[in-house]
1. Choose one of H94, V158, T108: the residue whose Cα lies farthest towards the positive end of the charge dipole of the stretch 16-223 (beta-carbon charges +1 Lys, Arg; -1 Asp, Glu; about the Cα centre).
2. Of all beta bridges DSSP finds with both residues in the chain, what is the antiparallel percent, to the nearest 5?
3. Using only the heavy atoms of the protein chains and a 1.4 Å probe, how would V54, V204 rank by accessible area, largest first?
4. Determine the share of the chain's accessible area contributed by carbon and sulfur atoms, expressed in whole percent, with a 1.4 angstrom probe.
5. With all protein chains present and a 1.4 Å probe, how do D164, D107 order by accessible area, largest first?
6. Starting from the Cα-Cα distance between V44 and L211, subtract it from 0.36 nm times their residue separation and give me the gain in nm to one decimal.
7. Roll a 1.4 Å probe over the protein chains and send me the accessible area per residue for the stretch 16-223 in Å².
8. So what is the relative contact order for the chain, in percent, with contacts set as C-alpha pairs under 8 Å and at least six apart?
Amino acid sequence: MATPVAGKGPFARTIVTANAQRGCFITLEGIDGAGKSTHAAWLVDALRARGRSVVATREPGGTTIGEALRELLLRQPMAHDSEALLMFAARREHLLQVIEPALARGDTVLCDRFTDATWAYQGGGHGVSKTLIADLERHVHAGCNPDLTLLFDVPAAVSRQRLDRMRAEGRALDKFEQEAANFFDRVRDAYLKRAAAEPSRFRVIDARRPLAEVRADLAHIVSGL
Ligand code: TYD
């Protein structure tokens, strides 16, 4: 029988079994309007169809505290560094309550946004200090990083058009979705730089293409997991 051992570092409270196979941590990223949420639902089904036990979750959110913080973050204007601090507070709860326990059980975690979003939105989009983000990242999840990140990439102008169409169809846009195209240009640029710096973790998916083509790419990625 497996011997229980205590996790190290910030996850010392997590008890894992010595021979339990750690689950796969997959994150989805992209600027607003890239179609990420539509693809997320399809991916969950595709992973489950392959027999994986999947925990689908999102950031900010995923816990009671995280969802309450999400309401504030997506609706209330606030200082940009406060935004980063609250994103990481939500993330800490999410890791402790949901992500780490699921990975320790061997589940696949599919998380709609994670720390790359803070680097892209707060760092790239709003100019929050890289030192602050790096410090928070180290404190909140040193040693627990995504194994695979799917970056749904569209130019900012395409994203702006899609969001404007949604607004015209009656969907209320949140604080970030109301940002101008040049904000999304900076966010996209930050995402692409991160993808270039870590090519083994990132898959950049051209999300301008028709749904079926994007899905074919995703099916290929899922089958290679
Ligand atoms: P999003 O993931 O786009 O959800 P939905 O598909 O329901 O609109 O919304 C989350 C927003 O939060 C998105 O605009 C990006 C923003 N965000 C940050 O600015 N920083 C972060 O660290 C995270 C996780 C999200």
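1. Farthest along the dipole direction, towards plus: T108.
2. 15
3. V204, V54
4. Here carbon and sulfur together make up 53 percent of the probe-accessible area.
5. Solvent-accessible surface, decreasing: D164, D107.
6. Using 0.36 nm per residue and subtracting the Cα-Cα distance, I get 58.5 nm.
7. Each residue of the stretch 16-223 exposes 45 Å² on average to a 1.4 Å probe.
8. Reported as a whole number, the value is 28 percent.
The values are calculated or read from the model by the stated rules, or taken from the named source; none is laboratory data. As the structure is a computational prediction, the values presented were derived from the model and not from experiment. All Cβ positions, glycine included, derive from the backbone under ideal geometry; neighbour counts span all protein chains shown. Remember, those area values only see protein heavy atoms, side chains included, never the ligands or the DNA or RNA. Shrake-Rupley method; radii C 1.70, N 1.55, O 1.52, S 1.80 Å.
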